[in-house]
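The values are calculated or read from the model by the stated rules, or taken from the named source; none is laboratory data. Bear in mind the structure is a predicted one, so any value in this text is a computation, not a measurement. Here the Cβ positions follow ideal geometry from the backbone for every residue, glycine too, while neighbour counts run over all protein chains shown.
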Amino acid sequence: MTINGVMSVAVQAITAQSMAISNISDNVANATTVGYKAVETQFLDVLQGMQATSSPVLGSTKQGGVIAYADFANRGQGQIVDDDSDTSAAISGNGFFAVAKPTGVDPETGEPTGFENAVYYTRQGDFHLDSSGRLVNSAGYYLMGSASGTGTTPSVLTIDTGDNAAGSGFTGVSIGDGGVITAHYSDKTTSAQGQVLLANFREPDKLDRVDGNAFIATTDSGAAVYGNPMAGTNRAGIGTIVGGALEQSTVDTANQMTKLIVAQQAYSMNSQVIQTANAMMSTVMDMKG
């Protein structure tokens, strides 16, 4: 391998380790983010150049190298813990909450003025009821589901926060086990307000990340297939919903620190390779001069 080849391989390695360090940093930063899935870095060996002789090793001009790519471990299950909020929800098993992103916000009321046509997907279930009667998580995504409780096409849910038929005042809303949404009134009566649907994918690890701990579908992930967690059959491979709970991040900080040490050492060693190759090239140039 030539000196230029050595430097090329080392630069590739530094780029790959930079991605690894970036992913580790992202993971550690989101160690306490609800529903966050740790991003792993995978490395792939690559060869460049042509075979110079019949020998697979001797005289070969092939130079090795490495590339890195992010592996979204979206199938990972985070620990589910109880939460004080009745509108929080955690997913146990496969699936994602279908959520919508507002196109704008009314400056006077703070309510969304509309929603994008695209559907986003998240495991971040820290929902709360806003002034418009909709359930929104801390990242600003609005919960979608079936208003009738039996449909399988999600839409943004709006809770009726008015008095019930008997004139008793609305006191709050809850997401129960299985994703049933219920309004509560001062006379202790309740009213069904809809059903949370979960979306499943052929390859959930191939979803594309966007801001706010959310994802969008891709060609590789396949289209979303919706299921009702309360249905007995035809559930599209989804899990269930635990009401009044949150799914914690899948980040293991101790494991991430170990990976960071390895990545830093690999980065440093490849930097030394570049410095050595540069010194050798300078020596050659001095000899020519």
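So is Thr152 modelled with pLDDT under 95, assigned to a loop (DSSP other than H, G, I, E, B), in contact with a strand residue (DSSP E or B) (Cβ under 6 Å, 6 or more places away or on another chain) and within 25 Å of Leu246 (Cα to Cα) or not?
In short, yes.
From the residues in the range 191-230 that are basic (Lys, Arg) and not in a loop (DSSP other than H, G, I, E, B), which one is farthest from Ala118 (Cα to Cα)?
Top of the filtered list is Lys206.
Residues Ala236, Ala245, Ala224, Ala214: which one is over 24 Å from Gln79 (Cα atoms), of a type in the set (A, V, I, L, M, F, W, C) and either crowded, with 17+ Cβ neighbours inside 10 Å or touching a Phe, Trp or Tyr at 6+ places or on another chain (Cβ under 9 Å) (or both)?
Ala224
Given Ser18, Ser25, which one is assigned to a helix (DSSP H, G or I), exposed (fewer than 13 other Cβ atoms within 10 Å of the Cβ) and modelled with pLDDT of 90 or more?
Going through Ser18, Ser25 in turn, the sole match is Ser25.
Just checking, does the range 216-228 include any residue being more than 30 Å from Glu40 (Cα to Cα), in contact with a strand residue (DSSP E or B) (Cβ under 9 Å, 6 or more places away or on another chain) and not assigned by TED's automatic domain parsing to the domain that holds Val39?
Among the residues of the range 216-228, at least one is more than 30 Å from Glu40 (Cα to Cα), in contact with a strand residue (DSSP E or B) (Cβ under 9 Å, 6 or more places away or on another chain) and not assigned by TED's automatic domain parsing to the domain that holds Val39, which makes the answer yes.
Condition first: farther than 20 Å from Gly244 by Cβ and either of a type in the set (Val, Ile, Thr) or assigned to a loop (DSSP other than H, G, I, E, B) (or both). Now tell me which residues in the range 134-149 satisfy that.
Correct list: Gly140, Ala147, Ser148.
Taking the conditions exactly as written (surrounded by 18 or more Cβ atoms within 10 Å (Cβ to Cβ), in the same structural domain as Gly227 (by TED's automatic domain parsing) and not in a strand (DSSP E or B)), does Asn117 satisfy them or not?
In short, no.
Report, by residue number, each residue of the range 139-162 that is loosely packed, with under 14 Cβ neighbours inside 10 Å, touching a residue at least 24 places away in the same chain (Cβ under 8 Å) and among the small types (Gly, Ala, Ser).
Within the range 139-162, just Ser148 meets the criteria.
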